[in-house]
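**Student:** Could you have a look at this structure, given as structure tokens, before my questions?
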Amino acid sequence: MRAQASETEHDSDDIEFVETVADALAAMPAVQAVALGGSRASGTERADSDWDFAVYYRGIFEPRVLAELGWSGQVSEVGGWGGGVFNGGAWLTIDGRRVDVHYRDLEVVEHELRQARAGRFHIEPLMFHLAGIPSYLVVGELASNRVLRGSLPRPEYPAALREAAPRLWADRARMTLDYAGGSHAPSARLAQCAGLIVVAASQCAHAVLADRGEWATNEKTLLERAGLRGVDEVVAALEPDPDSLLAGVTATRALFGERFEHEWFDLR
């Protein structure tokens with residue numbers, strides 16, 4: 001009974017926390033909507049998972065207003081995380097909880113939604129992401145985040161994107177593996193070859209999910225969702241000699257072939 005009461009109290013604290021943060025974010029100038037994302041929105045969180053909030057703004061967003069709310073942490077300028085669709089945010093601690101706040105320019109989001117529906121997207125570099133991020137990431141967020149304040153569209157996975165995205169990601173995976181096997185493996189460059197194998201696995205995972213019509217909003221569970229966690233064994237077996245590295249590239253090609261069966265996806 002005590003444990004049950006404690007869980008109920010904890011849930012109540014979390015609800016109050018989310019409401020308080022959402023109210024503060026929604027009150028900032030130019031903010032049109034606030035959403036909860038990540039594992040907290042999908043219900044897959046662990047006890048130590050952080051809290052991901054997105055502020056959707058139109059016009060000029062002033063990060064200094066966020067900093068003036070008094071929460072401890074780092075607040076970036078707009079564009080401080082590399083620009084593009086993932087254009088900045090904050091890493092904060094609020095009431096003892098780790099919180100990420102992501103800036104989302106509604107004009108950019110609406111543009112990428114139109115692009116995705118037409119089967120068009122581009123890939124941008126972003127820190128901590130091995131394969132980079134597809135510009136349709138912000139569209140996937142609309143589909144999976146929980147809207148707390150305001151209103152946002154909730155798009156289905158576009159048929160045109162499902163047709164175009166797997167080919168582009170698969171081509172990148174193929175070229176990345178070709179370079180690993182042709183340029184680094186013969187010279188026994190273990191670090192470079194291993195790194196490219198993992199990058200290629202991430203690219204192939206994007207292809208697999210796009211082929212299924214499943215949104216990918218980060219790389220944390222990308223390999224598991226695509227059934228490509230077996231690349232761990234490939235990397236663990238690598239040795240700094242050409243035969244081992246070439247064998248690793250070959251094993252990775254076979255792994256990809258098992259997960260992504262298309263007549264045009266020939267990695268041999």
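**Student:** Considering every residue within region 212-230, establish whether at least one is touching a strand residue (DSSP E or B) at 6+ places or on another chain (Cβ under 8 Å) and in a helix (DSSP H, G or I).
**Tutor:** no
**Student:** Would you say Glu141 is surrounded by fewer than 17 Cβ atoms within 10 Å (Cβ to Cβ) and either at negative phi or touching a residue at least 24 places away in the same chain (Cβ under 8 Å) (or both)?
**Tutor:** No; evaluated as a whole, the condition is false for this residue.
**Student:** Continuing with this model, one more query. Tell me yes or no: at least one residue of region 10-28 is β-branched (Val, Ile, Thr) and either in contact with a strand residue (DSSP E or B) (Cβ under 8 Å, 6 or more places away or on another chain) or surrounded by 15 or more Cβ atoms within 10 Å (Cβ to Cβ) (or both).
**Tutor:** Yes, there is a match, as at least one residue in region 10-28 is β-branched (Val, Ile, Thr) and either in contact with a strand residue (DSSP E or B) (Cβ under 8 Å, 6 or more places away or on another chain) or surrounded by 15 or more Cβ atoms within 10 Å (Cβ to Cβ) (or both).
**Student:** Can you name the residue in region 27-52 that is in contact with a Lys or Arg (Cβ under 7 Å, 6 or more places away or on another chain) and of a type in the set (D, E, K, R) and, of all such residues, is nearest to Glu107 (Cα to Cα)?
**Tutor:** From region 27-52, those in contact with a Lys or Arg (Cβ under 7 Å, 6 or more places away or on another chain) are 30, 32-36, 41, 49-52; that's our starting set.
Among the residues that remain, those that are also of a type in the set (D, E, K, R) are: 50, 52.
Values: Asp50: 27, Asp52: 21 Å.
This residue is Asp52.
**Student:** Looking at Gly79 and the list (1) touching a residue at least 12 places away in the same chain (Cβ under 8 Å); (2) touching a Gly at 6+ places or on another chain (Cβ under 7 Å), which single condition is not satisfied?
**Tutor:** (1)
**Student:** Among the candidates Leu196, Leu222, single out the residue that is under 25 Å from Leu255 (Cβ atoms), modelled with pLDDT of 95 or more and more than 18 Å from the chain's Cα centre (by Cα).
**Tutor:** One residue alone meets the criteria, Leu196.
**Student:** Would it be correct to say that Val109 is among the β-branched types (Val, Ile, Thr), part of a helix (DSSP H, G or I) and crowded, with 18+ Cβ neighbours inside 10 Å?
**Tutor:** yes
The values are calculated or read from the model by the stated rules, or taken from the named source; none is laboratory data. Everything numeric in this text was worked out from a predicted model, so none of it was measured. Glycine also receives a Cβ, built like all others from the backbone with ideal geometry; neighbour counts cover every protein chain displayed.
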